[in-house]
Amino acid sequence: MPALWKLHSILPRPNRRTMEKFAALISQLDGTTSTQEKLDLLVRYFQSVPDRDALCALALLSGWRPRRCLNSSELRSLAAKEASLPLWLVEEAYHFTGDLAETLALLIPFPGNATPSALPTSLTEVLTTLQNLVSNPERARDFILYVWRGTRPSERFVFNKLLTGGFRIGVAQRMALQAFALSRGLDPDFVARRLGGDWNPLDMDSAFSEQDQEEADLHRPFPFCLAHPLELDDVGSLSVDTFFFEYKWDGIRGQLLRVQGRCDLWSRGGEWLNSAFPEIVEAVADLPSDGVLDGEILIWREGQIQSFQELQKRIGRKKPGPDIRRRYPAIFLAFDLLSVEGQDLRTWPLAERRRMLEEFLPARHPVLRASNLLQPASWEEALDLREKAKNYGAEGLMIKNKEAPYHGGRKRGVWWKWKVAPLTVDAVLLYAQSGHGRRAGLCTDFTFGLWHEGQLVPFAKAYSGLTDEEMEEVNRFIRHNTLEKFGPVRRVKPELVFELAFEGIHRSSRHKSGVAVRFPRILRWRHDKKAQEADGLEHLKNLALQRQPTGNSESHPQKSAGDNF
Amino acid sequence: MAELIERRPEGLYVPAADVYIDPWRPVEKAIITHAHSDHARPGHRAYLAHPVTAAVLRARLGAHIWVEEKDYARAFRIQGVRFSLHPAGHIPGSAQVRVEHKGEVWVVSGDYKTSADGISSPIDPQRCHVFITESTFGLPVFQWEAAPLLAERLCSWAAHQLQAGCHVVLSVYSLGKAQRITRLLNEAWIVPYVHPAVAEMSQALQQAGVPVGNFSPLSALENRGETGVILVPPAAEEAVLRRLKGPVVTAACSGWVSIRGFKRRRNLNQGFGISDHADWPGLLATIRHTEATSVRVTHGFSGPMAQYLSENGLDARPLETAFNPAEAE
């Protein structure tokens, strides 16, 4: 078979250079911070390209990752060789820019002005070619070099983004979806539902033709209703009777569908989980009627809900065997009913849906359970419930407006999450490392230390929490107070004190300090404190003793699907 | 053996002549490569510089300072050490300092670039034994696109924005970059409005005979009620943005904004990678041209650059200085 890309150079099709349009779209999106302008650009782009390209672009902007034909270290080596640079220098450059696709785009010598663009003509073609080269690394290298040598940095950057998979460029998924819907005259909610699950734009037969739309649609989840962090000011003036209160559990948010007898379990992240949690799917299949449930997938053992870490042990298995299923039994804790027997309930008030939910679920079912409604008599009691949530292994409370319909997305005034207040310490900045993306070139990854026997012992890394101005100021300090450099990491004069917040503490033999903290983050810069006034390790350990809940004291591994609220 | 140029707490020092080059603490005698503030500091007793740099120094540090003026390629002696200034192509008046003593030649580059900017004398690399080079953009991700291409992109974008009824605020360094951009805009029939800090530098250069192009003071814009391209130094950008009425777009012209992260961090609508420093290929080419076997790498990416040069057979090492590359573009 002749190489696809060789044909392109012989047979240019100037009117169909839709790949260039996509590259231009990305540059233009980069050039504006206005939401309206971004939306306009997206709509115009979607209108100007064929369906398949539009779908591919929508998928990419929504976080779809094409399969990679070379991994990141193979790409680095290829670029290093092409630019005649040592690999360590490529790494150094990558640490500086913080973006692999961009680094590689800039490293390769630029083509002369006369060189025509070597990008294949359409986005679909690029993606198809790359997909066909997945198991053929040699050919993949040839293809990539061919494109690199014939493109300008801005096009190269977009091409590299397709190679490296990630496409986070400041466009919200919802906006891309809305623009796509507008360009095709479709209802955004309808598109959202159609694309709610796991889909590959290259494998879809007919994208949005009327017939199969409705068919496929039926078995996909509704757009999930998401919660806002609660500010007491938002609701404090309203009576607690206005709301339902539930514990906020740390599991996998999902929708469980039984539609025309067919059952599907979808995570919020769009993963189809039927094979991972067969007992849940079997349970809903046994029900007498159709319905769509919203809830949380959790592990239930010894009469209580287990930590996310226990759940984690099952997520890794695509098809859990009987042993795993016995050791980590899963339940679906339902808190909402979105449709029943084909009737959409989403416009109904929550209180009504809750009543329907309780009727829908069989009593005392071991796998399908309804969430407990808590009934605080006042906000003070609610506060108390939240404080005690940790004792049960919950993260805090969910608060939902009884009268509100079910809204897709994060709409204000419908659902809130109210997490337990974090633990805090004052710690000293010890090391800094340059960051990625928007803050490339700045040190944004910080390591902090606490006092122990007259020395500062590193105990936590934190990334976020400072304003841009503070970040500049901290970086100025770092530039002038670096004591040592190892690669991208700088050891700085221990002078600056920051208040750090975190969610939990546990013992760790892997950390120098002997403890590890969960979700550390910077609360504020303590200009008022000197390094000597920072807290000691003892203080941290005391906090741990005071606050350590039972049953949920283990560290919190990375979530795979980001399925919490 | 004592070195011809060494690093003292005050700055780079030539012991045989008892003179400093771009010192960062007050000294008796200072040779100044160019008039940017991290290289030309106040408080020295006597300055020596190219006439154009001298003019800017007087505007910047006060007419009272003592400056001796030396043209490019005119040798002069200090205590038996032979010195000469040679174009560095960075900004008008910018010079490399060549130092020759007992058959040994060292060159201090100051800041330099290899592409023409229309207002500075083009760089003239000098053969030497030891080359002290800057490395502001000493990573291979820094490769400037062709200057005419960038100029064309800047002008057509600015013209488009003006037509669409937006003010265009360009954040540029007030000395060198601002005048270069003024001339570029003039070619597209755009006369920029400039911040007073820019105007001051443009006037000083103009008096020294540098063709800086046509510009209007920023105050003129407020009276006219039309949209304009406005050149502001980065530090004044916020204040100017607060005062402008109507829609505004912002851009920076700097080597840094060729990296997306920088552009986004500064919330700019556009970035044009127009730099007054050499890019990675430019640095390497210049070092090659000097035929130096020994290279000292100062401000910028001195570590990686020195290591790369060492791996390519040069005696290269980083040399810590107090020049601030992040704030000098």
Every residue from region B:140-181 that is free of Cβ contacts under 8 Å to residues at least 60 places away in the same chain, away from chain A (no Cβ under 12 Å) and outside any loop (DSSP other than H, G, I, E, B):
B:155, B:156, B:159, B:163, B:178
Please verify whether residue A:377 is open to solvent by 40 Å² or more (accessible area, probe 1.4 Å), at pLDDT 85 or above, within 23 Å of residue A:418 (Cβ to Cβ) and out of contact with any Gly (no Cβ under 6 Å at 6 or more places or on another chain), treating the condition exactly as stated.
yes
The residue from B:118, B:89 that alone is under 19 Å from residue B:21 (Cβ atoms) and out of contact with any strand residue (DSSP E or B) (no Cβ under 7 Å at 6 or more places or on another chain) is B:89
Residues located in region B:234-270, provided they are in contact with a Cys (Cβ under 8 Å, 6 or more places away or on another chain), within 12 Å of chain A (Cβ to nearest Cβ) and not β-branched (Val, Ile, Thr)
B:247
Checklist (1) crowded, with 18+ Cβ neighbours inside 10 Å; (2) at pLDDT below 80 applied to residue A:422, failing item
(1)
State which residue pairs qualify: first residue farther than 17 Å from residue B:99 by Cβ and inside region B:60-79, second residue open to solvent by 60 Å² or more (accessible area, probe 1.4 Å) and not in a loop (DSSP other than H, G, I, E, B) in any location, beta carbons under 9 Å apart, and separation of 6 or more residues or different chains.
B:60/B:200; B:64/B:58; B:65/B:58; B:67/B:58
So which helices (runs of 4 or more DSSP H) stay within region A:1-59 end to end and still have 1 or more residues that are surrounded by fewer than 18 Cβ atoms within 10 Å (Cβ to Cβ) and modelled with pLDDT of 85 or more?
A:18-30, A:35-48
Out of (1) open to solvent by 20 Å² or more (accessible area, probe 1.4 Å); (2) more than 12 Å from chain A (Cβ to nearest Cβ), the odd one out for residue B:231 is which?
(1)
Which of the residues belonging to region A:223-282 are within 25 Å of residue A:173 (Cα to Cα) and small (Gly, Ala, Ser)?
A:227, A:251, A:254, A:267, A:269, A:270
Residue B:250: under 26 Å from residue B:117 (Cα atoms) and either aliphatic (A, V, I, L, M) or not assigned by TED's automatic domain parsing to the domain that holds residue B:126 (or both), yes or no?
yes
Wholly enclosed strands (runs of 3 or more DSSP E) of region B:1-42 bearing at least 1 residues more than 18 Å from residue B:69 (Cα to Cα):
B:6-8, B:11-14
Out of (1) under 30 Å from residue B:193 (Cα atoms); (2) away from chain A (no Cβ under 14 Å); (3) open to solvent by less than 10 Å² (accessible area, probe 1.4 Å), the odd one out for residue B:107 is which?
(1)
Within region A:544-553, can one find any residue that is at pLDDT 80 or above, open to solvent by 40 Å² or more (accessible area, probe 1.4 Å) and not in a loop (DSSP other than H, G, I, E, B)?
no
Can you tell me how many residues in region A:286-319 are out of contact with any Gly (no Cβ under 8 Å at 6 or more places or on another chain) and among the small types (Gly, Ala, Ser)?
4
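Does residue A:394 satisfy the criteria of being out of contact with any Pro (no Cβ under 8 Å at 6 or more places or on another chain) and open to solvent by less than 30 Å² (accessible area, probe 1.4 Å)?
On the way: out of contact with any Pro (no Cβ under 8 Å at 6 or more places or on another chain): yes; open to solvent by less than 30 Å² (accessible area, probe 1.4 Å): yes.
Yes; evaluated as a whole, the condition is true for this residue.
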Spot the failing condition for residue B:91; the list is (1) buried (at least 17 other Cβ atoms within 10 Å of the Cβ); (2) outside the structural domain of residue B:281 (by TED's automatic domain parsing); (3) in contact (Cβ under 8 Å) with a residue 40 or more places away in the chain, and only one is missed.
(2)
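Can you list the strands (runs of 3 or more DSSP E) lying wholly within region A:474-517 that have 2 or more residues being crowded, with 16+ Cβ neighbours inside 10 Å? Walk me through it before giving the result.
Working: elements: A:482-486, A:489-492, A:497-502, A:504-507.
Result: A:489-492, A:497-502, A:504-507.
Take residue B:65 and tell me if it is open to solvent by less than 20 Å² (accessible area, probe 1.4 Å), out of contact with any Asp or Glu (no Cβ under 7 Å at 6 or more places or on another chain) and closer than 26 Å to residue B:179 by Cα. Give the derivation first.
On the way: open to solvent by less than 20 Å² (accessible area, probe 1.4 Å): no; out of contact with any Asp or Glu (no Cβ under 7 Å at 6 or more places or on another chain): yes; closer than 26 Å to residue B:179 by Cα: yes.
When the stated conditions are applied, residue B:65 does not pass them.
In region A:223-262, which residues are more than 27 Å from residue A:188 (Cβ to Cβ) and among the basic types (Lys, Arg)? Working first, answer last.
To start, the set of residues in region A:223-262 that are more than 27 Å from residue A:188 (Cβ to Cβ) comprises A:230-233, A:235-251, A:261.
Of everything in region A:223-262, just one residue is more than 27 Å from residue A:188 (Cβ to Cβ) and among the basic types (Lys, Arg), namely A:248.
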When residue A:237 is run through (1) open to solvent by 20 Å² or more (accessible area, probe 1.4 Å); (2) closer than 25 Å to residue A:334 by Cα; (3) modelled with pLDDT of 75 or more, the failure sits at (2)
Within region B:48-93, track down each residue that is in contact with a Gly (Cβ under 6 Å, 6 or more places away or on another chain) and among the small types (Gly, Ala, Ser).
B:88
For region A:332-360: of the residues being more than 20 Å from residue A:414 (Cβ to Cβ) and in contact with a Gly (Cβ under 9 Å, 6 or more places away or on another chain), which is least open to solvent (accessible area, probe 1.4 Å)?
A:332
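Please give the helices (runs of 4 or more DSSP H) falling wholly within region A:76-135 in which 1 or more residues are modelled with pLDDT of 90 or more, within 19 Å of residue A:154 (Cα to Cα) and within 10 Å of another protein chain (Cβ to nearest Cβ). Don't jump to the end; show me each part of the working.
Working: elements: A:87-97, A:100-107, A:123-132.
Ranges flagged: A:87-97, A:100-107.
The values are calculated or read from the model by the stated rules, or taken from the named source; none is laboratory data. Keep in mind it's a predicted model, so treat the numbers as computed, not measured. A quick note on method: Cβ atoms are made from the backbone with ideal geometry, for glycine too, and the neighbour counts reach across all protein chains shown. The protein model used for the area step is the full one, side chains on, heavy atoms only, and it has no ligands, DNA or RNA in it. Shrake-Rupley method; radii C 1.70, N 1.55, O 1.52, S 1.80 Å.
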